[in-house]
1. Want the number for GLU124 to SER43: 0.36 nm per residue separation, take away the alpha-carbon distance, what's left?
2. Projecting each Cα onto the charge dipole of the chain (Lys/Arg +1, Asp/Glu -1 at the beta carbon, about the Cα centre), which of ALA126, ASN61, ILE274 comes out farthest on the positive side?
3. Quote the charge dipole size of the chain about the Cα centre in Debye, to the nearest 20; the model charges only the Cβ of Lys and Arg (+1) and of Asp and Glu (-1).
4. Could you point to the residue in VAL72, HIS157, GLN146 farthest towards the positive end of the chain's charge dipole, with +1 and -1 charges on the Cβ of Lys/Arg and Asp/Glu respectively?
5. Given contacts defined as C-alpha pairs under 8 Å and at least six residues apart, what's the relative contact order of the chain, whole-number percent?
6. From the Cα gyration tensor of the stretch 234-283, with a ≥ b ≥ c the square roots of its eigenvalues, which class applies: rounded if a/c is under 1.5, or else prolate if a/b is larger than b/c, or else oblate?
7. Rounded, prolate or oblate: which one fits the chain, using the alpha carbon gyration tensor with axes a ≥ b ≥ c (rounded when a/c is under 1.5, else prolate when a/b beats b/c, else oblate)?
8. Between MET49, MET113, MET137, find the one with the highest GNM mean-square fluctuation for the chain; connect C-alpha pairs within less than 10 Å.
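Every number in this text was worked out from the coordinates using simple rules, so none of it is lab data. Worth saying up front: this structure is predicted, and the values here are computed from it rather than measured. Positions of Cβ are generated from backbone atoms using ideal geometry, with glycine treated the same way; all protein chains shown enter the neighbour counts.
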Amino acid sequence: MSFTLVIHGGAGNITPAIMNEELEKEYSAALKGALDSGHEVLSKGGAAMDAVVAAIVSMENCPLFNAGRGSVFTKKGLNEMDAALMNGSNLMAGSIAGVRNIRNPIVLAREVMIHSGHVFLAGEGAAEFALSHGIEMVPDEYFFNQDRYDQWLEIRHTNFTQLDHKGDNLKSHLPDTGDYKFGTVGAAACDVQGNIAAGTSTGGMTNKRFGRIGDSPVIGAGTYANNATCAISCTGHGEPFLRACVAHDVSCLMEYKGLSLKAACDTVIKDKLIKIGGEGGLIAVDAKGNYEFCFNSNGMYRGMKNSEGKEVVAYYGE
Ligand code: ASP
């Protein structure tokens with residue numbers, strides 16, 4: 001039986017002009033590391049959901065991405081993270097929002113799914129649940145990152161929020177640091193049983209207001225999985241993704257209108273989302289192992305690895 005894993009590390013103004021050889025190497029190594037982590041689970045006959053968690057944990061632990069360790073700073077100068085996980089075989093889901101000091105938010109989302117009796121926990125309640133379930137906590141310093149901090153310093157006195165992968169912002173940092181970091185992360189997988197799952201993890205947007213929650217942890221907006229249709233993880237400016245219920249809309253187009261995975265993704269990302277000013281993209285798989293990368297931005301960090309040993313890592317548009 002075959003299996004497929006797809007991942008993303010954020011979408012935005014990612015072009016050759018804002019990258020360099022060194023950065024490409026770093027992102028390539030990080031994306032391949034995440035693909036390997038998920039692939040190992042799937043190749044041993046493991047569940048799609050576990051492969052998704054393994055791939056996302058790998059990216060959360062890597063400061064290159066805006067998730068877990070590399071999370072951006074809020075208006076108050078803190079790191080508040082959101083994450084979600086959904087299992088397409090039984091439609092179980094777990095989400096957390098506005099959590100701090102959690103090493104791996106996707107692990108907490110899985111714990112919420114399996115052991116809380118709820119779907120969505122936020123803020124202090126999520127923290128209390130994490131503590132009582134032995135979820136690993138880390139001090140504020142774990143999340144400190146000079147580039148992200150400087151990025152926040154530039155706009156903290158304004159009311160602007162900022163996708164961490166806006167090209168202008170990237171450019172202004174690249175010459176100084178050479179290792180500018182960005183990218184919400186996500187994964188979707190189809191396992192050898194034909195079950196699918198999806199997960200997303202993010203630090204959100206730089207300078208976001210205290211308590212702001214994006215699309216990533218909202219089931220049906222940034223994350224969704226259903227064996228009957230597809231498993232989806234989104235990335236981009238969260239507010240339009242929330243308003244367009246992007247992930248569930250793709251699933252509905254397949255379920256109710258019989259669209260193919262590709263046609264459904266294209267309709268939502270390249271038409272409906274653009275009409276309401278939404279920029280970003282998604283990764284998707286279906287229960288036959290078909291996969292899609294779809295984005296309306298200049299680029300999206302992305303990768304795929306399957307049972308045939310095929311591996312793809314890419315950044316830019318076609
Ligand atoms: N969608 C995320 C949010 O709005 C950000 C991103 O994908 O980069 O929180």
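1. Values: separation 81, 0.36 × 81 = 29.16 nm, distance 3.77 nm.
That pair, GLU124 and SER43, stretches by 25.4 nm at full extension.
2. Among ALA126, ASN61, ILE274, the one farthest towards the positive end of the dipole of the chain is ILE274.
3. Values: 27 positive and 36 negative charges, 120 e Å.
For this selection, approximately 580 debye.
4. HIS157
5. On the way: 872 pairs, mean separation 83.5, N = 318.
So the answer I get is 26 percent.
6. Details: a/c = 1.94, a/b = 1.86, b/c = 1.04.
Since a/c reaches 1.5 and a/b is larger than b/c, the shape of the stretch 234-283 is classed as prolate.
7. On the way: a/c = 1.40, a/b = 1.20, b/c = 1.16.
In terms of gyration-tensor shape, rounded.
8. MET137
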